[in-house]
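Inspection log for the structure reproduced underneath, given as structure tokens.
The values are calculated or read from the model by the stated rules, or taken from the named source; none is laboratory data. Quick caveat: nothing in here was measured; it's all calculated off a predicted structure. Note that each Cβ is placed from the backbone with ideal geometry, even for glycine, and that neighbours are counted across all protein chains shown. The accessibility values were calculated without ligands, DNA or RNA, using every heavy atom of the protein model including side chains. Shrake-Rupley method; radii C 1.70, N 1.55, O 1.52, S 1.80 Å.
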Amino acid sequence: MLDIWKEFPGIIANGGITLQVEEGEIHAILGENGAGKSTLMSILFGLYHADKGIIKVRGKEVSMKSPNDAFDLGIGMVHQHFQLVHNFTVAENIIMGKEGGFVYDIKKASKKIKEISERYGLSIEPDMVIEDITVGMQQRVEILKMLYRDADILIFDEPTAVLTPQEIDELMQIMRNLAAEGKSIILITHKLDEIKAVAKHCTIIRRGKLIDVVDVDKASVSEMAAAMVGRPVSFKVDKAPSHPGKPILEIENLSVMNSKKVLGVKNFSLTVHGGEIIGLAGVDGNGQTELVEAITGLRKAESGIIKFNGKDITSLSIAERNAMGLGHIPEDRQKRGLILNAPLTSNMVIKKFTEEPFSKHGLLNYPAIMSYTEDIIKKFDVRSGEGAESLAGKLSGGNQQKAIIGREITADPDLLIAVQPTRGLDVGAIEYIHKQLVEERDRGKAILLVSFELDEIFNLSDKIAVISGGELIDIVDTSSTDEHAVGLMMAGIRKGEEA
């Protein structure tokens, strides 16, 4: 891709970027949220058209009018937010748009899918229904969609943002297998350790401009981070010892059903005080979602009590809990966090639009809403082409996340439940958000941090509560434990038990 330019209203997304990828290599693209990485790849995949610049595939200049042109040239893309029909099978999703004619042979397609799956170590059954498989498996389906179409240039856009550590390790190995077969892989990621683990070269972009192309083996993590954000970045959270105050959240013997009508949370008890961060550590799918949804009111508790500032809220509505001062950064920013076809102005006051100064006598005060939204955008560096009027769905994934975090922190909650708060954020934004969470703690706020990143749990938490199989295994002081001990507890092994 040579001297690629792409402009949207109010923003130059790509300003003369050149990207060159070798056959059989894993090439990383690194940049801040909104730096133009996804735009560049959308141009390569035919979703956008460059205003200026040349694309060459195998030395020949090509024109990308649509994704069909990209497929014909052997280019495939796994999007950050998967493009799957949830009530279809794996095989049906893979062959969609590739059936050919009026009749398709599902048995023949399933056989080919199984062969490809085994060849690349993807281990997935063609007849499984998408809604019944894990997020990691869904990603494998997206990879199979590319391989089924014989793609040999594979684009991965933030592929590990929703994966567990084990799934990330498995994906890295799958990428190595694909590269060994001669496939060229373009990896968009914010995670520098992943780039160091698998990439040969790394193209670094900042605010739509090409900053550098580095040999990954020769560049340090801190050098790449500094090039990405334009300043040195600290990977360690600077925080003083906590001074816990009164109990803010008290959970007593809570049991909650999951979507399969079995107990996802079993007799769970936990207290979070003001002035402390409790990290909830566990492998994805061990009851974290059900627990958070019960606290926030999204899911009914089967038994037990949830108290907030001493008041029983177990049966209160979501609106009532919000009004009492409960903040929630949800696990799925697009499904639970934002109204994608509404502007940022609406999204930033969605919990507060009935209150002054945002409305009076049933009439919205638009200047106050606009000012409030602009303050959040500025403080939390939410980048969008049309500012406060931008549709939430038009923002990059990382900027959507920053908008949600800004909304929840600015609302000044007594309790903030932060689920995967830095998912999809670049290192500079992660550093800022971590600092904000510690500042909230130091202001006497209670924070329940749910994260699948053990580094983040250890970096931020004063205490760690470990959940496995929906049960509380133990609560430990962060300063007196290590990742190995917590890892054993995440596997359900209590202190004193043999592994």
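If the segment from Lys495 to Asp72 were pulled out straight at 0.36 nm per residue, it would be longer than the present Cα-Cα gap by 146.7 nm.
Quick one: of Lys145/Lys335; Lys145/Lys402; Lys463/Lys495; Lys65/Lys402; Lys307/Lys360; Lys52/Lys145, which pairs are farther than 26 Å apart, Cα to Cα? Among Lys145/Lys335; Lys145/Lys402; Lys463/Lys495; Lys65/Lys402; Lys307/Lys360; Lys52/Lys145, the Cα-Cα distance tops 26 Å for Lys145/Lys402; Lys65/Lys402; Lys307/Lys360; Lys52/Lys145. With the alpha-carbon atoms of the range 20-179 aligned to their principal axes, the span from lowest to highest coordinate is 44, 42, 27 Å, starting with the largest. Sequentially through the range 277-288, phi angles give Karplus couplings (6.51, -1.76, 1.60; θ = phi - 60°) of 10, 9, x, 9, 9, x, 5, 3, x, 10, x, 4 Hz, Gly and Pro residues having no value and appearing as x. By the rule of a C-alpha distance below 16 Å, with chain neighbours fewer than 8 residues away ignored, the lysines paired with Lys107 are Lys98. Note on Lys394 and Phe353: their simple-model spin labels are 1.8 nm apart, each label 7 Å out from Cα toward Cβ. Spin-label pair Asp477-Val85: with each label point 7 Å from Cα along the Cα-Cβ axis, the two points sit 5.7 nm from one another. For the range 371-492, pairs of C-alpha atoms spaced more than 26 angstrom apart make up 29 percent of the total. Per-residue 3J(HN,Hα) values for the range 463-479, derived from phi via the Karplus relation 6.51 cos²θ - 1.76 cosθ + 1.60 with θ = phi - 60°, read 9, 10, 9, 9, 10, 8, x, x, 10, 6, 7, 5, 10, 10, 6, 4, 5 Hz in sequence order (x marks Gly and Pro). Remark: spin-label model distance Lys209-Tyr104 equals 4.6 nm, labels positioned 7 Å along the Cα→Cβ axis. Put simply, the chain fits an ellipsoid with semi-axes of 38, 28, 23 Å; these come from the alpha carbon gyration tensor as the roots of five times its eigenvalues, largest first. Taken over the range 151-247, the percentage of Cα pairs per 10 Å bin, counting from 0 up to the bin with the maximum distance, is 13, 38, 29, 12, 6, 2.
Computed on protein heavy atoms with a 1.4 Å probe, the accessible areas place Thr354, Thr314 in the order Thr354, Thr314, largest first. What is the angle, in °, between the Cα long axis of helix 106-119 and the longest principal axis of the Cα atoms in the chain? Nearest 10 is fine, range 0 to 90. The answer is roughly 80 degrees.
Shown is the FRET efficiency for Asp442 and Ser123, computed with R0 = 41 Å from the Cβ-Cβ distance and rounded to the nearest 0.05: 0.35.
The charge dipole of the chain, taken about the Cα centre with unit charges on the Cβ atoms of Lys, Arg (+1) and Asp, Glu (-1), comes to about 960 debye, rounded to the nearest 20. Extension gain, Asp150 to Lys300, is 49.4 nm, computed as 0.36 nm per intervening residue step minus the present C-alpha separation.
Per-residue ellipticity at 222 nm from helix content only, as computed over the chain with -39500 (n - 2.57) for each DSSP H run of at least four residues, stands at -9500 deg cm²/dmol. Farthest toward the positive end of the dipole of the range 275-426, out of Ala301, Phe358, Leu340, is the Cα of Leu340, where the dipole comes from beta carbon charges about the Cα centre. Any chance you could give the angle, 0 to 90 degrees and rounded to 10, that helix 427-442 forms with the longest Cα principal axis of the chain? Rounded to the nearest ten degrees, it is 0. Every pair of different Cα atoms in the range 1-46 enters the Kirkwood calculation, which places the hydrodynamic radius at 11.4 Å. For the pair Glu115 and Ser234, a Förster radius of 51 Å applied to the C-beta separation gives a FRET efficiency near 0.60, rounded to the nearest 0.05.
Using the alpha carbons alone, the radius of gyration of the range 35-86 stands to its Kirkwood radius in an Rg to Rh ratio of 0.99.
Cross-link reach is defined here as a Cα-Cα straight distance under 16 Å, omitting same-chain residues fewer than 8 places apart; for Lys300 the aspartates and glutamates meeting it are Glu252, Glu290, Asp312, Glu320.
For the range 252-260, putting each phi into the Karplus relation 6.51 cos²θ - 1.76 cosθ + 1.60 with θ = phi - 60° gives couplings of 10, 6, 7, 10, 9, 7, 9, 5, 9 Hz, in residue order, rounded to whole numbers and with x for Gly and Pro. With Cβ to Cβ distances under 12 Å as the rule, what net charge do the other residues near Lys52 carry (K, R +1; D, E -1)? Here the count lands on -2.
For Asn177 and Asp312, the FRET efficiency from 1/(1 + (r/R0)^6), where r spans their Cβ atoms and R0 equals 41 Å, is about 0.15.
What's the angle, to the nearest 10 degrees (0 to 90), between helix 366-379's Cα axis and the longest principal axis of the chain? Value to nearest ten degrees: 70.
Taking amide H atoms as placed 1.01 Å from N in the peptide plane, the amide H of Ser468 lies under 5 Å from those of Ile473, each 5 or more residues away in sequence or on another chain.
The Kirkwood hydrodynamic radius of the range 438-499, based on inverse pair distances between different Cα atoms, is 12.4 Å.
Heavy-atom surface analysis with a 1.4 Å probe gives the range 345-499 a carbon and sulfur content of 51 percent of its accessible area. Between Asn258 and Lys218, the contour length at 0.36 nm per residue exceeds the Cα-Cα span by 9.6 nm.
Sorting His243, His79, His27, His361 by solvent-accessible area of protein heavy atoms yields His361, His243, His79, His27, largest first, with a 1.4 Å probe.
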